[in-house]
Amino acid sequence: MISIFSSSKYKNQRVAVLIDVQNLYHSAKAIYQRRVNFKELLDTAVGDRQLVRAFAYVVTTKTGEEKPFLEALTKLGIEIKSKELQEYYGGMKKADWDVGLAVDAIKTLSLVDVIILASGDGDYVPLVEYLKNQGRRVEVIAFGKSTSSKLRETADDFTDLDENPKKFLIKG
């Protein structure tokens, strides 16, 4: 089934935004030595369409230093999905939300016309292909300099945050 909404952006589209916080955080830090302005990111992603759900996938630490950041996201109407940083014997650390984000995207399918993925991670290409095969429009918003070229090609639309870094970044 192909959705009538699959080719363009329309005011009556129902939208879900899934934000891979770690991916965007590390891209902004590596490229610009700054932090992401998530309010601008969300406003730009949604535009004048109907936001149904917005999720932020975050990793928490034992120190809790990210608490003010999480509260700021919540005030924007973003639902927080958190996972504690796993520390393994020998010092290796791991925190990965790829599967959780994919499951939420699939669970949200029936509620929306458009899934917006805020990440440049090429691991999401199979997810994007699946969502499109389900008749949904899939848009990606991320820093072009650190976004997988395959992800850009697979998405219906790509918004490059590098085109207007002043809008999408804050000091810190």
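Summing Lys and Arg as +1 and Asp and Glu as -1 over all other residues whose Cβ lies under 14 Å from the Cβ of Arg34 gives a net charge of +4.
Label separation (Glu129 vs Glu40): 3.5 nm, computed from points 7 Å beyond Cα along the C-beta direction. Taking the Cα centre of the chain as origin and assigning +1 to Lys and Arg Cβ atoms and -1 to Asp and Glu Cβ atoms, the resulting dipole is close to 360 debye.
Residues whose amide H lies under 5 Å from that of Glu66, counting only those 5 or more places away or on a different chain, are Thr61; hydrogens are built 1.01 Å from N in the peptide plane.
Over 19 Å between C-alpha atoms is what I'm after, so list which of Lys29/Lys171; Lys39/Lys150; Lys11/Lys167; Lys39/Lys171; Lys9/Lys29 land there. Write out the running numbers ahead of the final one.
Details: Lys29/Lys171 10 Å; Lys39/Lys150 27 Å; Lys11/Lys167 23 Å; Lys39/Lys171 14 Å; Lys9/Lys29 30 Å.
Where the Cα-Cα span goes over 19 Å, the pairs concerned are Lys39/Lys150; Lys11/Lys167; Lys9/Lys29.
Would you mind calculating the gained length between Lys107 and Lys171 on full extension (0.36 nm times residue separation, minus the Cα-Cα distance), in nm to one decimal?
Values: separation 64, 0.36 × 64 = 23.04 nm, distance 3.52 nm.
Gain in length upon complete extension: 19.5 nm.
Amide H contacts of Gln13: Gln50, each under 5 Å away and 5 or more positions distant or on a separate chain (H built 1.01 Å from N in the peptide plane; Pro and chain starts excluded).
Here Lys83 is the anchor, and the lysines within straight C-alpha reach of less than 17 Å, apart from those fewer than 8 places off in the same chain, are Lys62, Lys67, Lys93, Lys94. Choose one answer from Glu71, Glu79, Glu139: the residue with the largest mean-square fluctuation in a GNM of the chain with alpha-carbon springs under 10 Å. Answer for the Gaussian network model of the chain: Glu71. Taking label positions 7 Å along the Cα-Cβ direction at both Asn12 and Phe158, the computed distance is 3.2 nm, reported to one decimal.
Which value in deg cm²/dmol, rounded to the nearest 500, describes the helix-derived mean residue ellipticity at 222 nm for the chain, given -39,500 (n - 2.57) per DSSP H run of n ≥ 4 and division by the residue count? Walk me through the numbers before you get to the answer.
Details: 7 runs with 60 residues, N = 172.
It lands at -9500 deg cm²/dmol.
Scaling against 2.2 N^0.38 Å puts the C-alpha radius of gyration of the chain at 1.01. Straight-line reach from Lys132: taking Cα to Cα under 13 Å and skipping same-chain neighbours fewer than 8 places apart, the aspartates and glutamates in range are Asp113, Glu153, Asp156, Asp157. Selection among Leu127, Ala102, Val21 by position relative to the dipole of the chain gives Val21 as farthest towards the positive end (Cβ unit charges, Cα centre). Based on Cα contacts under 8 Å between residues 6+ apart, the chain shows a relative contact order of 30 percent.
All of the numbers you see were taken from the coordinates with simple rules; none came from a lab. Computed from a predicted structure; not experimentally measured. So basically every Cβ, Gly included, is an ideal-geometry build from the backbone, and we count neighbours across all protein chains shown.
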